[in-house]
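The next block holds one structure in the form of structure tokens; read it before the comments.
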Amino acid sequence: MELITAEKYLLITERIGKRPMLRTRFTSQAYFVVAVFLDLATNHVISLKDDRVTFNQSVQLPGYLSVFVKELTETLSQDDRLENALKPVTSWDIANQVYDGVGVKLLANHQVERVTFQNNLKPHTIYEPTDQARKAVSTWLMDQVTRSAEVSALNLFEILRQMTALKWVVPDEQQRQELMEKASQRSEDAGIQKITAAAADVITRKRFWLDSWLS
């Protein structure tokens, strides 16, 4: 199964610089897992109806989703409402397992380079996108949303909009507005927006909890 949204999200989001985005930044990590959630919804592994989530466990998924599957299954057994079903997106363990799985695939396709980053005396493997791969995602995103093609593009578009990160990918304000109008015309977009908005609430609450716990 292709996790197109998650792959494109990594390619357009990951930065080394002073701090790698998907190894150290909670919000970026959480939305990475939201991308996985949306990919599974796009592939009808996860279904949403009347704010209730169902998960088709008979589908063969990549091994690097094992922690995600375990936590989602346990969460849904307690409460299948969307907001509760999204709680696993804040899991550090899930984000890192998915990161390594997706990163290895992108490395094999020569879209990223493996880099070692030292953080708190512990080395981490980072998958840094090539400039060409990063630029290709921006072009793909604008083209797909404009042509109303792949749902994965809408997934990524709405994640970036929820993160208020669209301006970094589409600097021109008029072009951003046109893309948002195009996206809103797609029937699938309402469901995607509902998931990303609910995810934003879950992520924000968890971030505030972390901030209060660490202070």
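The values are calculated or read from the model by the stated rules, or taken from the named source; none is laboratory data. Everything numeric in this text was worked out from a predicted model, so none of it was measured. Here the Cβ positions follow ideal geometry from the backbone for every residue, glycine too, while neighbour counts run over all protein chains shown. Ligands, DNA and RNA are excluded from the accessible area calculation, which covers all protein heavy atoms including side chains. Shrake-Rupley method; radii C 1.70, N 1.55, O 1.52, S 1.80 Å.
What to note about this one:
- Taking label positions 7 Å along the Cα-Cβ direction at both PHE26 and VAL59, the computed distance is 3.0 nm, reported to one decimal.
- Theoretical FRET efficiency, 1/(1+(r/R0)^6), r = Cβ-Cβ of GLU173 and SER77, R0 45 Å, to 0.05: 0.50
- Across the chain, Cα-Cα pairs more than 21 Å apart make up 53 percent of the total.
- When the Cα gyration tensor is reduced to axis lengths a ≥ b ≥ c, the ratio a/c is 1.5 or higher for the range 144-211, and with a/b not above b/c it is classed as oblate.
- The calculated 222 nm mean residue ellipticity attributable to helices in the chain amounts to -20000 deg cm²/dmol, summing -39500 (n - 2.57) over DSSP H runs of n ≥ 4 and dividing by all residues.
- The Cα-based radius of gyration of the range 4-69, divided by its Kirkwood radius, gives an Rg/Rh of 1.04.
- On the beta carbon distance between LYS49 and LYS70, with R0 = 35 Å, the FRET formula returns roughly 0.90.
- With every protein chain in place and a 1.4 angstrom probe, the accessible-area ranking of TRP92, TRP140, largest first, reads TRP92, TRP140.
- Cβ-Cβ distance of GLN193 and ASN109, R₀ of 30 Å, FRET efficiency by 1/(1 + (r/R0)^6): the value works out to about 0.50.
- For the chain, accessible area per residue (1.4 Å probe, heavy atoms of protein chains only), Å²: 52 Å²
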